[in-house]
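The values are calculated or read from the model by the stated rules, or taken from the named source; none is laboratory data. Because the structure is a prediction, the values reported are computed rather than measured. Reconstructed Cβ throughout: ideal geometry from the backbone, glycine too, with neighbour counts over all protein chains shown.
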Amino acid sequence: MSVERDRLAEDFLSFALLAPRALSHSHLLKELDKRIAGWGITHVAACVMMDHERRFKVGPMFGKPNMAWADVYFGEKLYLDDPVIDYAMRADKAEYWDEAFDSSRIGKPARRVLSMAGDVGARDGFLVPVPLYNGDIMVVSYQGERLERHPDVAGVLRGLAVYFGTEGQRLLIKSKLRSGRFAGLNTRQMQVLHLAALGRRNKDIASELDLSVKTVEYHLANIHQQIGARNTKEAIAIIHSAPETLSDPD
Amino acid sequence: MLVHCVTSANRSRYADQLEEMFKQRHDVFVEGRGWHELRRADGRDIDEYDTEETVYLLALGDAGEVYASGRMNPTSGRHQLEEDGVLRKKFAMRAPPRSHRVWEGSRLVGGFPERYGRDFARESLYMILVALQEFAVRRNIIEAISILEMPALSRFQSMGWETTPLGIPVQYETDHGLGEALAAIWKTGPACLASARLKTGIRNPVVYEAAPAIDAEEPQPISFQLLASAADLRSPEAQSRALHAVHALLDQESQGDLRQAMN
């Protein structure tokens, strides 16, 4: 495959500009799919979070996982101690599966995991660790039959993973707001609470939504009452404790 | 711990700390990351972008020890992504903005978890990140540019600071294998500062700018302990009042009136 560097740059830049403004998971994913079409990727998902001490924890999961592999992965509780991801973490860099294979740097347990993935159609993959501001690490996983190996493509895949991972997490909060006890909130209340959950101050929310600070405070007071929270901090905690969904509600 | 804003005006008051910072930069970038082009015989990392215009942000402890640091240069002057520069050609496929209101951030050093433990290392790094935004707000800087290593890109992005690439990620050779970075513009301003404060939990102001040294030959030392005590106060109002008082005291100190002021 010939790779035009300018075209790659254009695709990457346009995704970086679009991602913070994406309206939903499906929107973000659709735009990502457009840009990675032709590189042999069939599935892309951010599926595992690790804390700053490199211990596995189940975190936000979004994207388009290979469901057969996800069934095996979670059925076998591989996320508790996945030797492949553990290897990628220790190496602290993105890895194509076969590179790790070829160099014989991974052991039998990791080969077993990769073999299980291959059995359900994930024969090739590229794992990109995405470190977050607090030391947590999200892993974005590209999967397919045979992925493009051009170095510029690999660089762009790593860059796309950053925007897909960080903005996908933001959209996950948004999707959680659409379920459970948040269902009764109106559109404006949703917007206010979403921005509050992203860490904006009342003043910034007011400026972003073209409202007065008093109106923002009014909306927040109503939100607290409707969802049974004492304050905004508690409302945000409720969002984070809401159940995570594999699929995008959009 | 406070983040000191070291400018050309007050630089002579921080000679020891700047020396320590240059050595730390060497340890981190030359020895740690293998950026061999920066190697100098004196074991310090100083290059052509450490200029008179450069502002250093130094996270300093009670005894003046350096916990973290960052380098800021206005893009209207010399900076790494300047036109015709080697790094510009390598990393930027689009021209970066050039303005006195757009600054370049570089040489972000912080943490040292091996030396100070993971929690303290993270706190000092958080201090510098908040300080970057606080500095930008104070100086009316609208955005910043940097050559960001990939982990820094995702950390900035997850901090809520929107980053816009100026090119695709580029690999480069180091003594320890391949590294990867990209040139990007990142947002600064009150919203980014608010996001940084919320995510790091640092609610008080962290940047302290000492008065200019009156006598560059015999600069007055900074009273780090006094400043740190003021910065440790819990409420922002109390901290602001205390820092203001300390600042005034230090101004008088630099004019030789400390004894009179203390009495």
**Fill in**
Expected output for segment B:104-119 (first residue without any contact (Cβ under 8 Å) to a residue 12 or more places away in the chain, partner among the acidic types (D, E), Cβ below 9 Å, 6+ apart or cross-chain) is B:P113/B:D119; B:R118/A:E53
**Request:** Tell me which residues, restricted to segment A:169-189, are among the hydrophobic types (A, V, I, L, M, F, W, C) and either assigned to a loop (DSSP other than H, G, I, E, B) or within 12 Å of the chain's Cα centre (by Cα) (or both).
**Result:** A:L171, A:L172, A:I173, A:L177, A:A183, A:L185
**Asked** Pick from segment B:131-155 the residues that are surrounded by fewer than 24 Cβ atoms within 10 Å (Cβ to Cβ) and touching a residue at least 40 places away in the same chain (Cβ under 8 Å): which of them is nearest to the other protein chains (Cβ to nearest Cβ)?
**Response** B:A152
**Item:** Tally of residues being of a type in the set (A, V, I, L, M, F, W, C) and within 14 Å of another protein chain (Cβ to nearest Cβ) across segment B:86-125
**Value:** 8
**Asked** Mind checking whether some residue in segment A:205-226 is at pLDDT below 80 and either touching an Asp or Glu at 6+ places or on another chain (Cβ under 7 Å) or farther than 23 Å from B:R197 by Cα (or both)?
**Response** no
**Scan of segment B:162-203 for residues that are part of a strand (DSSP E or B), more than 10 Å from chain A (Cβ to nearest Cβ), touching a residue at least 40 places away in the same chain (Cβ under 8 Å) and surrounded by fewer than 18 Cβ atoms within 10 Å (Cβ to Cβ), ordered by number** = B:Y172, B:T174
**Meets criteria (in contact (Cβ under 8 Å) with a residue 12 or more places away in the chain and either closer than 26 Å to B:L178 by Cα or assigned to a strand (DSSP E or B) (or both)) for B:L18** = no
**Asked** Quick one: B:Y67 ticks every box in (1) in a helix (DSSP H, G or I); (2) within 13 Å of the chain's Cα centre (by Cα) bar one, so which box is it?
**Response** (1)
**Request:** Could you pull out the residue among A:G159, A:G135 that is modelled with pLDDT under 90 and in contact with a helix residue (DSSP H, G or I) (Cβ under 7 Å, 6 or more places away or on another chain)?
**Result:** A:G135
**Checklist (1) of a type outside the set (A, V, I, L, M); (2) touching a Pro at 6+ places or on another chain (Cβ under 8 Å); (3) not in a strand (DSSP E or B) applied to B:W103, failing item** = (3)
**Complete:** Going through segment A:171-218 in order, the residues found to be of a type in the set (D, E, K, R) and surrounded by fewer than 20 Cβ atoms within 10 Å (Cβ to Cβ) are A:R178, A:R181, A:R188, A:R201, A:K203, A:E208, A:D210, A:K214, A:E217
